[in-house]
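Report on the following structure.
Nothing in this text is a laboratory measurement; each read-out follows from the coordinates by a stated rule. Fair warning: this is a prediction, and the values are worked out from it, not measured in the lab. Ideal geometry is used to build each Cβ from the backbone, glycine not excepted, and the neighbour counts take in all protein chains shown.
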Amino acid sequence: MIGILGGTFDPIHYGHLRSALELKELFELDHVRLIPCAQPVHRDSPTATATQRLEMLQLAVKNQTDFIVDTQELQRAGGSYTFDTLTALRSNYRKVPLLLFIGSDAFNDFTTWFRWKELFDLAHVVVITRPNATLNPLNEFFKTHLTNDKKILKQEVAGLLFFQQITQLEISATAIRGMITTRKNPCFLLPDAVIDYIYQHQLYF
Ligand code: ATP
């Protein structure tokens, strides 16, 4: 099984990295693909350039064979649609279960995503929840795809909805950018190599 974690990664931080590792272990994944988006469809444009976000990601996962940085969305022109990304992955991995990880906030808007129902033809959707997360009631479509049995995810290549609680560190890229702008020290929230990169490139000042 392969896990997919998309994001702006502006910048990548230990919240992303710890969750990705925990998910890799929980689902016994072959690897997790970290996929930086070019032009996010559901939020404001990132502050750092696509190249800078990618370079920070590469520094963060250097020497980590559990993670693969997948640049496909940066190479495609226009908005980054999960539908296109999963279609491309499915054509490369025809018989492998794909797990699309999304946060519970994103899942609450899921029915606004481009071709959202068809995403279930391409992958399983795993919603990452925190204790006390507020989720909208599930619609009929979601209910028919829902499973509580993690083992079934390995038996089908796509089509299931699963909720997984993980330990989420209280770290956000927005807070890190704010710390740098206000000259506070972001140490211990993200890898040192990424902090060095941010200072070298005068990002977020
Ligand atoms: P921003 O603060 O700029 O919105 P972010 O820190 O939420 O950024 P994104 O790049 O938007 O980071 O997130 C990519 C993915 O990582 C999303 O699915 C998001 O839900 C998840 N994520 C973000 N922060 C954490 C965290 N602290 N723990 C676990 N997952 C996280």
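Worth a mention:
- Percent of C-alpha pairs per 5 Å bin in the chain, short distances first: 1, 7, 16, 19, 20, 17, 11, 5, 2, 1, 0.
- When peptides 84-92, 97-105 are sorted by average Cβ neighbour count within 10 Å, with the highest value leading, the order is 97-105, 84-92.
- Separation of the alpha carbons by more than 23 angstrom is noted, of LYS117/LYS150; LYS62/LYS151; LYS62/LYS154; LYS62/LYS95; LYS95/LYS150, for LYS62/LYS151; LYS62/LYS154; LYS62/LYS95.
- Given charges at Cβ of Lys, Arg, Asp, Glu: the stretch 42-96 dipole, positive-most of THR87, THR65, THR51: THR87
- The charge dipole of the stretch 2-200, taken about its Cα centre with unit charges on the Cβ atoms of Lys, Arg (+1), Asp and Glu (-1) only, comes to about 60 debye.
- Secondary-structure-derived ellipticity at 222 nm for the chain, considering helices only, amounts to -10000 deg cm²/dmol, per-run term -39500 (n - 2.57) for DSSP H runs with n ≥ 4.
- Protection-proxy order for peptides 112-121, 9-18, each taking the mean of Cβ atoms within 10 Å per residue, highest first: 9-18, 112-121
- Relative to the longest principal axis of the Cα atoms of the chain, the long axis of helix 50-60 lies at roughly 90 degrees.
- A Cβ-based charge dipole, computed about the Cα centre of the stretch 14-111 with Lys and Arg at +1 and Asp and Glu at -1, lands at about 260 debye.
- Summing charges over neighbours of GLU28, with a neighbour being any other residue whose Cβ is under 10 Å away from its Cβ, gives +1 when K and R count +1 and D and E count -1.
- Between the stretch 1-62 and the stretch 145-205, the alpha-carbon centres lie 7 Å apart.
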